Amino acid sequence: MYQLGQLISDRRTINDFKTDVPPRQAILDAIELSRWVPNHHLTQPWHFYFPNQQMIEQIIELNAQLVLKAKGEQAAESKRQRWSKIPGWLVVCCNSSTDALQAKEDYAACCCNIYALSLILWQQGIGTKWTTGKVTRDDTFYDICWIDKHSQDVVGLIWYGYPSEIPQPQPRRRVEEIVTIF
């Protein structure tokens, strides 16, 4: 079993997954734990959606169309092929708030939740990739996933599965570069 520090430093964003889909219960168990992250006033602003296969295919096609407009047919087809190989899909949303401070705090709590979820899954050998691309901000994405854009904001599309390759760690800035002591 991992020690927390090693778990944090060893976790990687996974870009290439094996084809087998991890059990849904493993993801639900991770959500069960991740919901314990700090959140101001215990708003618990997160909601998780498991899109079905038809929704996934529609998301893939929506993304391909967005890429087609921006980068052309070859790039769109490449994305379509790559996204079609993703074994597990999870959409994480945050409850909307008209209060700017509350919205900021709730978004931060959802980000903490996603990170905790990623660590919990990593400990079980399940990798994740948290993506926030243009597709997740498109009104059609909300329609595909049956998400009410007026009451929830998409924080991320989380891909999950067993890693086929684990990237090498990238250098981090030294502590001395990011800490100021007065």
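Karplus-based coupling profile of segment 75-82, in residue order and whole Hz: 5, 5, 5, 4, 5, 4, 5, 5, with θ = phi - 60° in 6.51 cos²θ - 1.76 cosθ + 1.60 and x standing for Gly or Pro. With a cut-off of 14 Å between beta carbons, the residues surrounding residue 110 carry a summed charge of -1, where Lys and Arg count +1 and Asp and Glu -1.
Its Cα centre serving as origin, the chain has a Cβ charge dipole (Lys and Arg +1, Asp and Glu -1) of approximately 480 debye.
Cβ distances below 4.7 Å define possible disulfide partners, and in the chain the cysteines left without one are 93, 111, 112, 145.
Volume of the convex hull of the chain (Cα atoms only), normalised per residue: 166 Å³. Residues 173, 35, 24 in ascending order of nearby Cβ atoms (within 10 Å, fewest first): 173, 24, 35. Among the listed pairs 69/134; 79/104; 104/134; 18/71; 71/149, a Cα-Cα separation exceeding 24 Å is found for 79/104; 18/71; 71/149. Per-residue 3J(HN,Hα) values for segment 112-122, derived from phi via the Karplus relation 6.51 cos²θ - 1.76 cosθ + 1.60 with θ = phi - 60°, read 4, 4, 4, 5, 4, 4, 5, 5, 4, 5, 4 Hz in sequence order (x marks Gly and Pro). Taking θ as phi - 60° and the Karplus parameters 6.51, -1.76 and 1.60, the scalar couplings of segment 172-182 work out to 10, 5, 5, 4, 4, 7, 10, 10, 10, 10, 8 Hz in sequence order, x denoting glycine and proline.
Read-outs throughout are calculated quantities, based only on the coordinates presented, and are distinct from any laboratory measurement. Just so it is clear, the structure is predicted and the values come from calculations on it, not from any experiment. All Cβ positions, glycine included, derive from the backbone under ideal geometry; neighbour counts span all protein chains shown.
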